[in-house]
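Here the structure is laid out as structure tokens; the discussion comes afterwards.
The values are calculated or read from the model by the stated rules, or taken from the named source; none is laboratory data. Note that the coordinates shown come from a computational prediction; the quantities given were computed from them, not determined experimentally. Because the Cβ atoms are built from the backbone with ideal geometry, glycine has one as well, and the counts that use them run over all protein chains shown.
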């Protein structure tokens, strides 16, 4: 069983990673705005190619980071519910050392491999689960494409 101190360390790590993702998302939005301006007056075929590649890379990073953001929020909900740190595959405790490295994980290392091999897709057991933003930030961040939030 995780101690209160261990839970607080892990909760802090989750919140810190969440903040980093939100900051990267803000920077991505700024980069996309610059790209959109450059697309209006592209220099040549190479410029267009580079801008397209950059846009695709940003989209891929966003989808992955949005999935991690969902997992972080889910882990925070599990801390509140008292179910955090329990492997969703075998029901045993996940070692603290693993949680320190990957605090949003749902599985032991071995169970994660099994789940991946079996094609288990993460689901969220709380009704109406949505990633949450700190107060006031929901007005600052708007998703431009619906498929970015799909994981």
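Hey, does segment 22-29 have a residue that's at pLDDT 85 or above, within 12 Å of the chain's Cα centre (by Cα) and either in a helix (DSSP H, G or I) or closer than 28 Å to residue 120 by Cα (or both)?
No, the conditions are met nowhere in segment 22-29.
Count, please, the residues in segment 76-106 that happen to be touching a residue at least 24 places away in the same chain (Cβ under 8 Å), surrounded by fewer than 16 Cβ atoms within 10 Å (Cβ to Cβ) and outside any helix (DSSP H, G or I).
Of the residues in segment 76-106, 1 are touching a residue at least 24 places away in the same chain (Cβ under 8 Å), surrounded by fewer than 16 Cβ atoms within 10 Å (Cβ to Cβ) and outside any helix (DSSP H, G or I).
In segment 113-128, is there at least one residue being outside any loop (DSSP other than H, G, I, E, B), modelled with pLDDT of 90 or more and surrounded by fewer than 11 Cβ atoms within 10 Å (Cβ to Cβ)? Give the derivation first.
Initial filter on segment 113-128 (outside any loop (DSSP other than H, G, I, E, B)): 113-117.
Then keep just the ones that are modelled with pLDDT of 90 or more; that gives 113-117.
Applying the additional criterion that residues be surrounded by fewer than 11 Cβ atoms within 10 Å (Cβ to Cβ) yields 116-117.
Yes; the residues of segment 113-128 include at least one that is outside any loop (DSSP other than H, G, I, E, B), modelled with pLDDT of 90 or more and surrounded by fewer than 11 Cβ atoms within 10 Å (Cβ to Cβ).
Please verify whether segment 132-141 includes one or more residues that are surrounded by 13 or more Cβ atoms within 10 Å (Cβ to Cβ) and either over 17 Å from residue 7 (Cα atoms) or modelled with pLDDT of 90 or more (or both).
Yes: one or more hits.
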